[in-house]
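S.K.: Supplied in C-alpha cells, the structure appears directly below.
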Amino acid sequence: MHRGFAELPLHGGQCPPWLFQRMKRLGGEIVEAIASLFGPEEVLRRVSDPVFFQSLGCLLGFDWHSSGLTTTLCGALKEGIRGKEDALGLYICGGKGGVSRRTPQEILLHAERKGFSFAEQFVTYSKLSAKVDNTALQDGYTLYHHVFFFTASGSWSVVQQGMNAENRLARRYHWLGERVEDFVCEPHSGICGMRREPQVLNLVAQESAPCRKGIIEIVQDSPAVVIQEIARVKNLSLPRRHGILPEDFDLKRIEKTLWNLREKNPQNFAEFLSVSGVGPKTLRALALTAEVVLGAPASFKDPVSFSFAHGGKDGIPFPVDRQTYDATIDFLGKLVNHARVGISEKKKMHEQLRLLLP
C-alpha cells in the first residue's frame, strides 16, 4: 500500500439544507448500490479506506479539504439509508458531539429489534476504539465525532475524527473490524491528517509493546509504591525529545485511578484501557514510569497516513497503478449499470455477477 498525507483544516458553519438533502439522496443510492452488488460488508471496507471516503465526500459535493466533510458525509449516509437498514443489512450509529455519545444506545436499539447476539460486543468495540484514539494515541487531537458502522452478519468499522484547536486542523481515524487483529497494536486501517505533530505518544505502535506490558506490571503493584515511583520520575531531568510532560501529572487523581485499577485487576492493555478513569494524564505518567523504572520506552511515531488512489502520469507520488485503476473503473461501471436497470432486473444481474466475481 502506498502512503501519503492529507491536511483537513477545521471549517465552521453548517451544510446548506438544499445541499444536505441531495447528499442524503445520492449517498443513500450509492450505499444501496454497493450493498446490493457486493454485500453490506463492502460498504464497511470502502468507508474504512481514507481515499474512498474522501472521494465520496467530494462526489457528494462537500468542501473537498475541510473537516466538515467527515461529519457531514457520515450524517448524510446515516440519513440516506434511514428506514432501509434492515433491508440492506447495514446500520450506522453515532455522529458528532452529543450524538456520538449515544452510539452504544443506538447499537443496542438495532440489536433489540433484530435480535443480534453481538450487540454488547459491538458496544465494547465502539468504546474501546474511541479510547484508543483519544487516550492511547496522544497526538494532540481530541475526538468530537464517532460513527460505528456494522452489518447484520457481524462485521463492523469505525470512522472518527478529532480536532486540534491550536493549529486549526482535524485528523480522521479509520478502523475496519476484519483487519483488527489486536485493538491495542496497529489497529487502524488508515489515519488522515498532517504529519506535523512534534510530540506524539503512540502506545498502540508495535514498538510500544514492551511499554504496554510494563504498564500492566506497574498497575498490578501497590498503588502507594507506584505513586512513589511517579513522584521520583517527576523530579528527573527528562530528554527534550519526550512528548510526556511531568508537570501535567495529577498525583491525587492518578492514585485514585490506581486503586480502581487494583480492584479491577486488568490482565492486558485493552482491559486496562477500558477501565473508567484511565485518561491521557494517567497513561502519560505510567508510560514514563515504565520507561524509567523498567526500561520499556513508548513509541513517539506519528501514525498518520492514507493510501493514494492511482498515482500520477509523472510518477508522483508514484507511477500509475494500472491494475488498481482498471479495478476502480470496473467498480464504478457496475454501479452505473446498476442504476440503469429496473428493480425486476436486480436479482438476475446479481446472479450473473456471482459467476463473474472470484
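S.K.: Can you tell me how segment 26-105 classifies by the Cα gyration tensor, rounded, prolate or oblate, using a/c under 1.5 as the rounded cut?
M.R.: Oblate, since a/c reaches 1.5 and b/c is not below a/b.
S.K.: Same structure, new question: Less than 15 Å Cβ to Cβ from E178, Lys/Arg counted +1 and Asp/Glu -1: what total charge do the surrounding residues give?
M.R.: Charge balance near E178 sits at -3.
S.K.: Residue by residue through segment 144-153, what is 3J(HN,Hα) from phi via Karplus (6.51 cos²θ - 1.76 cosθ + 1.60, θ = phi - 60°)? Round to whole Hz and write x for glycine and proline.
M.R.: So the J values, rounded to whole Hz, are 9, 9, 8, 10, 10, 9, 8, 10, 5, 7.
S.K.: Based on the alpha-carbon gyration tensor of segment 8-197 and its eigenvalue square roots a ≥ b ≥ c, which shape applies: rounded if a/c is under 1.5, prolate if not and a/b is larger than b/c, or oblate?
M.R.: The shape class here is oblate.
S.K.: Quick one: net charge around A205, please, counting Lys, Arg +1 and Asp, Glu -1 for every other residue with C-beta under 13 Å from its C-beta. Spell out each step's value before the answer.
M.R.: Details: positive: R212, K301; negative: D139, D182, E186, E207, D302.
Net charge in that neighbourhood comes out at -3.
S.K.: Structure shown: which of K24/K334; K131/K281; K131/K264; K127/K213; K24/K84 lie over 19 Å apart, alpha-carbon to alpha-carbon?
M.R.: In this structure, K24/K334; K127/K213 lie more than 19 Å apart at Cα.
S.K.: So what's the gap between the Cα centers of segment 199-233 and segment 23-46, to the nearest angstrom?
M.R.: That distance is 43 Å.
S.K.: In a shell of Cβ-Cβ distance under 12 Å around R45, excluding R45 itself, what net charge do Lys and Arg (+1) and Asp and Glu (-1) give?
M.R.: Overall, the nearby charge balance is -2.
None of the figures in this text is laboratory data; all of them are computed from the coordinates on show. Here the structure is a predicted model, which is why all the values come from computation and not from measurement. Cβ coordinates were reconstructed from backbone atoms using ideal geometry, including for glycine residues, and neighbour counts include every protein chain displayed.
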